[in-house]
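Inspection log for the structure reproduced underneath, given as structure tokens.
The values are calculated or read from the model by the stated rules, or taken from the named source; none is laboratory data. Values in this document were obtained by computation on a predicted structure and should not be read as measured data. Cβ: placed from backbone, ideal geometry, glycine included. Neighbour counts: every protein chain shown. These area figures cover heavy atoms from the full protein model, side chains too; ligands, DNA and RNA do not enter into them. Shrake-Rupley method; radii C 1.70, N 1.55, O 1.52, S 1.80 Å.
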Amino acid sequence: MNSAPHPRTRVFGPRSGQDVRAVVLVMHGGRERSRAPVTRFQLAYLRMVPFAKDIAARGRGHGIAVWLLRNRYCGWNAPDLDPVRDARWALARVREEHGDVPVVLVGHSMGGRVALRVGGDRGVVAVVGLAPWCQEGEPVEQLAGRAVLIAHGDLDRMTDPRLSYRFALRAKAVTDRVARFEVVGERHAMLRRAAVWTRLVTGFALGVLETQPGDPAVTKAMGAPSPEGLRVLL
């Protein structure tokens, strides 16, 4: 009899608790419904490896560890919200190993929805949603006091850029640090302009964690009144 799948993490960068001063938790995409277990060979998971590696490479010398989460199941699976449970499990593990270090969440597609949903968890200081799967009425109150970056390809047909824009508008009412970029000529898989996505995410994460100056484009977008700063072309 096969045992039930369980979430896993792959860690990039320093591992020792004494060497880690902050953590970036990276989360992959999935489907609306699926009880199929996530494997390390699935594209949704592999798509996030370059982000984890780039952040770790540039943040290692500053004590930044990157945890790449592999969910139990491929699906969101409402009302169980399996990936939300997995993310909260990973955040608890981070606290067990490193204490109350600041955490930045980075998620793509379904993982972006998860990141935004658990952004109110203890220790989370910033959230990145890449082509996030947003729905009408998605909660925003949990993001109060957090820095929020959303990026969406303008040609995305898997998740709706209009919905992430509406989400950003509502999030701006609970935190003044919201920026949203539209990546021109890009689709859901983030492959056409991969370097642009990676540079944006790494710069934001390390800027929030104060290991390097913040990205001027992000800083400008966050400082702009709503709705300016929420449809910045990249």
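Computed over the alpha carbons of the range 1-158, Rg followed by Dmax gives 14.9, 46 Å.
Binning the C-alpha pair distances of the range 71-110 at 5 Å intervals from 0 yields a P(r) profile of 6, 20, 28, 21, 15, 10, 1 %, listed from the shortest bin outward. Heavy-atom accessible surface of the chain, averaged per residue, reaches 45 Å², computed with a 1.4 Å probe. Calculated [222 nm] ellipticity per residue, helices only, for the chain: -9500 deg cm²/dmol; basis is -39500 (n - 2.57) per DSSP H run with n ≥ 4, divided by all residues, nearest 500.
Tally Lys/Arg at +1 and Asp/Glu at -1 over every other residue whose Cβ is under 9 Å from the Cβ of ARG199; what's the total? Value of the local net charge: -2.
Straightening the chain between ASP100 and ARG8 buys 31.0 nm, computed as 0.36 nm per residue apart minus the Cα-Cα spacing.
Remark: relative contact order (the chain) = 17 percent; criterion is Cα-Cα distance under 8 angstrom and separation of 6 or more residues. If you model the range 194-234 as an ellipsoid using its alpha carbon gyration tensor, with each semi-axis the square root of five times an eigenvalue, the axes come out at 19, 14, 6 Å, biggest first. If amide hydrogens are placed 1.01 Å from N in the peptide plane, which non-local residues have theirs closer than 5 Å to the one on TRP76? HN-HN under 5 Å from TRP76: ARG31, GLU32, ARG33, SER34. In the range 76-234, the ratio of gyration radius to Kirkwood radius, Rg to Rh, stands at 0.94 when only Cα atoms are counted. Looking only at GLY129, GLY214, GLY59, which one moves most when the chain is put into a Gaussian network model with springs between Cα atoms under 10 Å? Sorting by GNM fluctuation, first place goes to GLY214.
Accessible-area rank, largest first, for LYS172, LYS220: LYS220, LYS172, with all protein chains present and a 1.4 angstrom probe.
Derived scalar couplings between HN and Hα for the range 167-184 equal 4, 4, 4, 6, 5, 4, 7, 10, 8, 7, 9, 10, 10, 9, 10, 10, 7, 5 Hz in order, rounded to whole Hz, by the Karplus curve 6.51 cos²θ - 1.76 cosθ + 1.60 (θ = phi - 60°), x for Gly and Pro. For THR9, nonlocal amide neighbours, meaning residues 5 or more places apart or on other chains whose placed amide H falls under 5 Å from its own, are ARG70.
Residues ARG157, ARG60, ordered by accessible area of protein heavy atoms at a 1.4 angstrom probe radius and largest first, appear as ARG157, ARG60.
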